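A short worksheet on the structure shown next.
The values are calculated or read from the model by the stated rules, or taken from the named source; none is laboratory data. From a predicted model like this one, the values you see are computed outputs, not experimental measurements. Quick reminder, even Gly has a Cβ in these numbers, built from the backbone with ideal geometry, and neighbours come from all protein chains shown. Note: accessible area is taken over every heavy atom of the protein model, side chains too, but ligands, DNA and RNA are not part of it. Shrake-Rupley method; radii C 1.70, N 1.55, O 1.52, S 1.80 Å.
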Amino acid sequence: MCGIIGYIGFECEKNLYEGLKKLEYRGYDSSGMTTNRDGKFNTYKSIGRVENLSNKIIFNNKNGIGIAHTRWATHGNVTLQNAHPHFSEDEKIAIVHNGIIENYIDLKEKLISQGVKFYGESDTEVIAKHFKKDISLEKFKSVIDKLKGTYAILAISCNSDKIFFAKNKSPLYIALDKETVMFSSDISCFFGKFDKFYTLEDGEYGFADKNSIIFYKNSKKISKQCNEIKSKLCISSKGRFKHFMLKEIFESKKVGNNILKYIQTSKVTKLINDILKNDIEKIYLIGCGSAYNAGLIGKRFFRLYGYDADCILASEFEHENIFINNKTLCIFISQSGETYDTLKVLDLCKTKGGICLGITNVEYSTLSQKSDYLLSLNAGVEKAVASTKAYLAQVVMCCLLAIKMKYLSYDNYILDNKNYDIYKRFGKEYYNLDINLNESNLKEIAEFISCFKYVFYIGKGVDYDIALEGSLKLKEISYIFSLALPCLELKHGTLALIDENTVTIAICSEQNLIDKIISSSQEIKARGGKVILLTICDIEEQYNKNFDRIIKVSSSGKLNFLNIIISLQKIAYYVATIKCNNPDMPKNLAKSVTVE
Ligand code: G6P
């Protein structure tokens, strides 16, 4: 993953540091910065959060050139040596890189055989070690040509006033204004500083100085159109909340309501009508992590409304031998719009003629730009690594999209009463989403769960999809082992793990499934396991003894499971805080996964 920044202009260190803070969601194992001050490099590196770098940096108001990096470790341990920037042997060239160089071992061996010495294990160091003294465009291009893999690269020399750049598969954007140039892995760093920016395409490279940017592709100079920054300056603060995660959970209601309004706009109606003109025969929902879990629920809704739909993990897509043609609708779900595995499938589906619809929260993301059609989640910046409001937004968007597609596909023909009714009444019923529910009960459950080493989540139907996400949330931020499974699958293996050291969270959002949940919990209780029931259903008193705790959650209308989703997010959050973890920045993870 990682985030990279380059800067030419006044207050170089300050701008690089502020940029790094914005890109920290891409990795926070270590960070580093190198600036060229009067032909000499100043380098600062630190382990952990970007803020650890601040008291090391010597800030300088004068004009300067620099590059910086925030790291999510792929090759080599989390050490200062492996932190970027990386240097040529003579330390005259510094490089930052986002991506993975797949042939770095071959390249490294070759260089070692030529007597080149390495100080670390990073694949990026191999790029830097190809340089000496200075960088020319020819030399830069010849090194880039040797690389196999993914990269956004920035390189500076202490003998020049240029930043060299190259891009393949990893995102890179450039902004230029009044003798100031900025490079970044995403455009959030440009807000409030620039009005326009360039999006680099794969295979493009070149260099910039304070007055101009020269772009090349296939050894030829090219000219590029710039894009305008339309977004307002968006600063995200925690407000009254201790963590972004809790704040973002509390924003879910507003986010859901916005989607409800958005889906009913004429813009979305036109978009869906355009898609429907293609006589869609098959729908695939594609994503990773929480986005995939949201797609699972979306798939159920598409099927409910008569579509042939499947949900596929982006990282597994290529192994599924999936047939795609111009009647296949491929729906890509991604909060960031930058997830490598998801974008890779997008490219594949495009080459096969699939109709690609992106559902994303980031307006200028690669997914937004590459999709044929785009639905914006408009959930606002999501800072916490574990997705909460964006996941909920994805669920709501997918479900409403399925309903609206069905409605519009009937042209002027009115849907049968049941479906039409759902569409018309949805708004009112959705407003039952309750974000303040059961706060003290949920905290108490979190206290209870935090004492266990093993937590299972069970459900049936859509409750299994919700269980998957609840379990993911818990393990991401509490570091407790957790597994989700369909309740009737317990007896096919997992029961062997159940004893008094385990707790199971049983989820039930449909009255007709409560019996199955009760019998599954009986099987768990019989083996000494603890069970917590999270339900919107009524349960007869005689069955209370099957559960160690029962949390009654209010229904949220037609999507009656939404309040359960929010409760599970809160449970995970409280467990993390009880264990004194930082839920916003869990260990070993990053918000945007831009590597395979
Ligand atoms: C990472 C994040 C998850 C997210 C997943 C997919 O693993 O930690 O929260 O669900 O990536 O990200 P995307 O931006 O594609 O939704």
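Odds and ends about this structure:
- Residues in segment 271-298 that are open to solvent by 30 Å² or more (accessible area, probe 1.4 Å), assigned to a helix (DSSP H, G or I) and within 18 Å of LEU375 (Cα to Cα): 4 in all.
- Residue pairs meeting the criteria (Cβ under 7 Å; at least 6 apart or on separate chains; first outside any loop (DSSP other than H, G, I, E, B), in segment 55-68; second open to solvent by 50 Å² or more (accessible area, probe 1.4 Å)): ILE65/ASP161
- Restricting segment 310-343 to residues that are open to solvent by 10 Å² or more (accessible area, probe 1.4 Å) and assigned to a strand (DSSP E or B), the residue that is farthest from the ligand (Cβ to nearest atom) is ASP310.
- Identity of the residue in segment 299-309, open to solvent by 50 Å² or more (accessible area, probe 1.4 Å) and charged (D, E, K, R), that ends up nearest to the ligand (Cβ to nearest atom): ARG300
- Where strands (runs of 3 or more DSSP E) fall wholly inside segment 445-515, the ranges with 1 or more residues that are surrounded by fewer than 18 Cβ atoms within 10 Å (Cβ to Cβ) are 454-459, 481-486.
- Here segment 544-583 is the region considered, the condition is being in a loop (DSSP other than H, G, I, E, B) and over 20 Å from LYS254 (Cβ atoms), and the residue that is nearest to the ligand (Cβ to nearest atom) is PRO583.
- Residue list for segment 333-357, restricted to those being over 22 Å from ILE272 (Cβ atoms), β-branched (Val, Ile, Thr) and over 18 Å from the mean Cα position of the chain (by Cα): THR351
- Here GLY19 does not fit the description of being at pLDDT 90 or above, over 21 Å from the mean Cα position of the chain (by Cα) and open to solvent by less than 10 Å² (accessible area, probe 1.4 Å).
- In segment 71-89, residue modelled with the highest pLDDT [restricted to those that are over 22 Å from SER592 (Cα atoms) and hydrophobic (A, V, I, L, M, F, W, C)]: PHE87
- Test: residue in segment 137-146 that is at pLDDT below 95, over 31 Å from the mean Cα position of the chain (by Cα) and closer than 23 Å to MET1 by Cα: no
- Exactly one residue among GLY256, GLY203, GLY192 is more than 22 Å from the chain's Cα centre (by Cα) and open to solvent by less than 60 Å² (accessible area, probe 1.4 Å), and that residue is GLY203.
- The number of residues in segment 15-56 that are over 15 Å from HIS84 (Cβ atoms) and of a type in the set (Val, Ile, Thr) comes to 0.
Let's see how each residue does on (1) at pLDDT 95 or above; (2) touching a helix residue (DSSP H, G or I) at 6+ places or on another chain (Cβ under 7 Å):
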position	(1), (2)
ILE156	yes, no
SER160	no, no
LYS167	yes, no
PRO171	no, yes
PHE183	yes, no
SER188	no, yes
GLU204	yes, no
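- Residues that are among the aromatic types (Phe, Trp, Tyr) and either at pLDDT below 90 or over 16 Å from MET182 (Cα atoms) (or both), drawn from segment 211-231: TYR216
- Being in a loop (DSSP other than H, G, I, E, B), modelled with pLDDT under 95 and more than 14 Å from the ligand (Cβ to nearest atom) is not true of LEU408.
- Close pairs (6 angstrom Cβ cut-off, 6 or more residues apart or separate chains): modelled with pLDDT of 95 or more in segment 470-485, part of a helix (DSSP H, G or I) and among the polar types (S, T, N, Q) anywhere: LYS473/GLN569; SER482/SER471; ALA484/SER471; LEU485/THR494
- Number of residues in segment 259-269 that are in contact with a Leu (Cβ under 9 Å, 6 or more places away or on another chain) and either open to solvent by 20 Å² or more (accessible area, probe 1.4 Å) or aromatic (Phe, Trp, Tyr) (or both): the value is 3.
- Taking segment 252-270 as the range and being over 17 Å from TYR373 (Cα atoms) and within 16 Å of the ligand (Cβ to nearest atom) as the test, the residues that pass are SER252, VAL255.
- Taking the criterion of being of a type in the set (Ser, Thr, Tyr) and open to solvent by less than 10 Å² (accessible area, probe 1.4 Å), the residues of segment 22-60 that qualify are SER30, SER31, THR34, THR35, SER46.
- The condition (being in a helix (DSSP H, G or I), more than 9 Å from the ligand (Cβ to nearest atom) and open to solvent by less than 20 Å² (accessible area, probe 1.4 Å)) is satisfied by just one residue among LEU346, LEU357, LEU367, LEU375: LEU346.
- GLU596, sole failed condition from (1) closer than 25 Å to ARG71 by Cα; (2) out of contact with any Phe, Trp or Tyr (no Cβ under 8 Å at 6 or more places or on another chain); (3) in contact (Cβ under 8 Å) with a residue 24 or more places away in the chain: (2)
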